[in-house]
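Asks: Let me give you the structure first, and then I'll get to my questions.
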Amino acid sequence: MSDDFIYCRNQNDFVDSILDAVEQHDGLLLDELLNVSRMYKIDDLDYDDTNEPNLDQQLNNDLELLWKLLSRYHWFVCRYLYLNDIDRAFRHQSKKFSCLMGILNYYSNRSTDDDHNNDPIHSTTNDDDPSWLLPVFNRHAHELRLLALLGNDEGNNDDNDTFETSNSTSTIQTCNTQLLQANNVLQRFPSTIKLKKVGIFIIVNQMLKTYYALHKFNLCTYFISKAERPLKQYMQEENTQQIHRYSSYVLSYRYFLGKHLILKHDYSSAIAHFDYVFTNCLNSNRSGSIKNKQQSLLYLVALKMLHGSTPNMDILEKYELNELIDLIKPIRAGSLRLFREKLHEYEQFLFDTGLFFLIENFKLLAIRNLFHTYVYHIDHQQTNKIPFEPTLLSLLNFDLDQENYFTVNELIDILNSMIEKGMIKGYISYTVRTLVVSKKDPFPRQFHFSSLLNSS
């Protein structure tokens with residue numbers, strides 16, 4: 001839905017619309033109705049009713065009352081965002097999330113009661129399965145994280161030394177605490193409930209997005225370990241199904257897991273995750289689907305190039321990965337100077353995507369292609385012994401400014417790195433200062449960057 005007419009303009013009517021959607025078990029409609037990001041921007045909502053719910057109010061197990069409270073807290077999240085009061089908006093969002101947890105607790109208690117009752121007449125029914133709330137749960141966790149980060153930014157950017165920063169910094173702590181509590185709630189459901197199977201990925205995704213935004217990558221490991229077993233179980237179930245219905249929550253998790261594995265220098269595993277995401281993302285004209293395909297392809301191509309694969313330029317053009325196209329062209333031509341120029345031009349883009357240090361090592365691919373051109377097209381593979389000076393050093397320094405010239409020692413470091421990674425098959429003869437390449441397949445198609453640490 002894209003029209004704002006679905007939102008009632010006053011608080012009482014809005015609460016009734018939420019209760020109607022709940023009665024119908026329409027999770028998608030409820031997700032739209034409780035969309036803070038869209039609703040707070042509507043200009044003609046009636047915020048004259050300033051009788052807001054008590055933030056210290058204790059929650060009970062009355063399902064209808066919980067939904068009413070959740071709706072009212074949501075209304076005031078939008079109101080305070082409209083007034084640009086991030087702190088109060090976050091506090092209402094936090095309470096709203098607590099209401100949702102109370103609702104899920106209500107369902108988990110019913111599931112537990114049914115598990116203890118062996119009478120098949122009282123077995124768990126569809127009314128007891130809250131999996132229809134998955135999009136709502138995802139929306140609440142997503143917007144709790146966004147508001148927590150906004151609160152954190154507001155505190156960090158405040159120039160007043162007397163500002164009470166404890167509130168703003170605690171928004172992240174509050175968000176993380178509530179997400180961990182949500183995980184405990186999900187664990188109370190039977191293992192057959194979809195909300196339990198997939199909900200863990202929603203929680204971990206929000207945690208990972210938080211720590212990526214804060215550049216605290218070291219804190220991701222714990223939450224990834226929380227999802228290892230659920231992911232294995234989910235994939236086993238998926239492989240047994242004749243018709244695969246790929247969960248967007250699992251796709252998001254595997255995307256972030258791939259990025260985490262890059263930081264851990266586990267490139268082979270990262271490739272498997274990005275390949276899964278790219279292959280199984282929806283093929284549609286929606287901007288979100290295109291962006292997901294584009295982002296996963298960006299990492300997939302970069303990692304595969306470190307294993308010797310040559311990307312198909314048509315698919316890069318299809319997904320408009322223009323930066324990557326411009327970086328690959330000088331690599332294929334063996335032009336180190338042009339590659340450096342493009343690396344500098346797209347430096348900010350590469351830092352933003354976390355790929356700068358990985359792609360910086362593509363200079364080895366450019367050098368390899370340069371030497372490959374000499375051996376096969378200039379020398380016609382007449383000899384397998386190529387002297388450092390003048391041949392290799394002259395090739396390496398070709399078209400470079402004099403202040404950027406490589407020394408012999410730097411050349412030797414580069415050759416050692418390329419031989420170690422399997423990019424060149426051969427060895428270095430230090431006595432005669434020569435590179436001796438294999439007469440058979442001196443430049444293997446497949447090679448392997450096990451790590452970028454200590455790369456030349």
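Asks: Just how large is the dipole of the range 324-456 about the Cα centre, in debye to the nearest 20, putting +1 at every Lys and Arg Cβ and -1 at every Asp and Glu Cβ?
Replies: 720
Asks: Next up: Taking the Cα atoms only, what angle lies between the long axis of helix 63-82 and the longest principal axis of the chain, rounded to 10 degrees?
Replies: Once rounded, the angle reads 60 degrees.
Asks: For the chain, what does the helix formula give at 222 nm: sum of -39500 (n - 2.57) over DSSP H segments with n ≥ 4, over the residue count, nearest 500 deg cm²/dmol?
Replies: Helix-only estimate at 222 nm: -19500 deg cm²/dmol.
Asks: Given +1 on the Cβ of Lys and Arg, -1 on the Cβ of Asp and Glu, and no further charges, what dipole in debye does the range 3-59 carry about its Cα centre, rounded to the nearest 20? If you can, show how the numbers build up before the last one.
Replies: Values: 3 positive and 16 negative charges, 39 e Å.
Around 180 debye, computed over the range 3-59.
Asks: How much length is gained if the chain between ASP16 and GLN181 is pulled fully straight, taking 0.36 nm per residue apart and subtracting their Cα-Cα distance, in nm to one decimal? Spell out each step's value before the answer.
Replies: Values: separation 165, 0.36 × 165 = 59.40 nm, distance 2.87 nm.
Extra length available between ASP16 and GLN181 comes to 56.5 nm.
Asks: A further question on this structure: Spin-label point model (7 Å from Cα, Cβ direction): what's the GLU360 to SER225 distance in nm?
Replies: 3.0
Asks: Further question: Whose amide H sits under 5 Å from the amide H of GLY426, counting only residues 5 or more places off or on another chain, with H placed in the peptide plane?
Replies: Counting only residues 5 or more places away or on other chains, the set is SER438.
Asks: Using the structure shown, select from LYS68/LYS209; LYS216/LYS342; LYS318/LYS363; LYS259/LYS304; LYS96/LYS216; LYS197/LYS226 the pairs with a Cα to Cα distance greater than 18 angstrom.
Replies: On the way: LYS68/LYS209 30 Å; LYS216/LYS342 29 Å; LYS318/LYS363 25 Å; LYS259/LYS304 14 Å; LYS96/LYS216 27 Å; LYS197/LYS226 13 Å.
Over 18 Å Cα-Cα: LYS68/LYS209; LYS216/LYS342; LYS318/LYS363; LYS96/LYS216.
Asks: Counting Lys and Arg as +1 and Asp and Glu as -1, what is the net charge of the other residues whose Cβ lies under 12 Å from the Cβ of GLN11? Numbers along the way, then the final one.
Replies: Numbers: positive: ARG9, LYS68, ARG72, ARG79; negative: ASP13, ASP16, ASP46, ASP48, ASP49, GLU52.
Within the 12 Å Cβ shell, the charges total -2.
Asks: How large, in percent, is the carbon and sulfur part of the accessible surface of the chain at a probe radius of 1.4 Å?
Replies: Numbers: 10930 of 23410 Å².
Carbon with sulfur: 47 percent of the solvent-accessible area.
Asks: Still on this structure, I have one more. Residue by residue through the range 14-30, what is 3J(HN,Hα) from phi via Karplus (6.51 cos²θ - 1.76 cosθ + 1.60, θ = phi - 60°)? Round to whole Hz and write x for glycine and proline.
Replies: The phi angles translate into 5, 4, 4, 5, 5, 4, 5, 5, 5, 4, 7, 6, 9, x, 5, 5, 4 Hz.
Asks: Taking H placed 1.01 Å from N in the peptide plane, check which residues at least 5 places from PHE447 or on another chain put their amide H under 5 Å from its amide H.
Replies: Residues meeting the amide H criterion: GLY308.
Asks: From the backbone phi of the range 397-409, what are the Karplus-calculated ³J(HN,Hα) couplings (6.51 cos²θ - 1.76 cosθ + 1.60, θ = phi - 60°) in whole Hz, Gly and Pro given as x?
Replies: Running phi through 6.51 cos²θ - 1.76 cosθ + 1.60 with θ = phi - 60° gives 8, 4, 6, 9, 5, 4, 5, 9, 4, 7, 8, 4, 5 Hz.
Asks: May I pose another question? Relative contact order of the chain, please, whole-number percent, based on alpha carbon pairs below 8 angstrom and at least 6 residues apart. Walk me through the numbers on the way to the answer.
Replies: On the way: 497 pairs, mean separation 39.3, N = 456.
Result for the chain is 9 percent.
Asks: Could you do me a favour and compute the accessible area per residue for the range 179-309, 1.4 Å probe, result in Å²? Please list the in-between numbers first.
Replies: Values: 6380 Å² over 131 residues.
On a per-residue basis, 49 Å².
Asks: Residue by residue through the range 201-214, which ³J(HN,Hα) values in whole Hz follow from phi under the Karplus form 6.51 cos²θ - 1.76 cosθ + 1.60 (θ = phi - 60°), with glycine and proline marked x?
Replies: 6, 4, 5, 5, 4, 5, 4, 5, 4, 4, 6, 5, 5, 8
Asks: Would you work out if the range 386-456 is rounded, prolate or oblate? Take a ≥ b ≥ c from the square roots of the eigenvalues of the alpha-carbon gyration tensor; rounded if a/c is under 1.5, else prolate when a/b is larger than b/c, oblate otherwise. Don't jump to the answer; show the numbers that get you there.
Replies: On the way: a/c = 1.81, a/b = 1.26, b/c = 1.44.
Oblate, since a/c reaches 1.5 and b/c is not below a/b.
Asks: May I pose another question? Could you give the angle, 0 to 90 degrees to the nearest 10, between helix 287-305's Cα long axis and the longest principal axis of the Cα atoms of the chain?
Replies: With rounding to tens, the tilt is 30 degrees.
Asks: How long are the semi-axes of the ellipsoid equivalent to the range 1-112, from square roots of 5 times the Cα gyration tensor eigenvalues, in whole Å, largest first? Don't skip to the end; give the middle numbers.
Replies: On the way: eigenvalues 102, 60, 27 Å².
The answer is 23, 17, 12 Å, longest axis first.
Asks: Looking at the square roots a ≥ b ≥ c of the eigenvalues of the Cα gyration tensor of the chain, which shape do they give, rounded for a/c under 1.5, prolate if a/b is larger than b/c, or oblate? List each step's numbers first, then the result.
Replies: Values: a/c = 2.92, a/b = 2.16, b/c = 1.35.
Prolate shape, in that a/c is at least 1.5 and a/b is the bigger ratio.
The values are calculated or read from the model by the stated rules, or taken from the named source; none is laboratory data. Keep in mind that what you see is a predicted model, and the values were worked out from it rather than measured. Note: ideal-geometry Cβ built from the backbone for every residue, glycine included; neighbour counts use all protein chains shown. Accessible surface areas use protein heavy atoms only, side chains included; no ligands, DNA or RNA. Shrake-Rupley method; radii C 1.70, N 1.55, O 1.52, S 1.80 Å.
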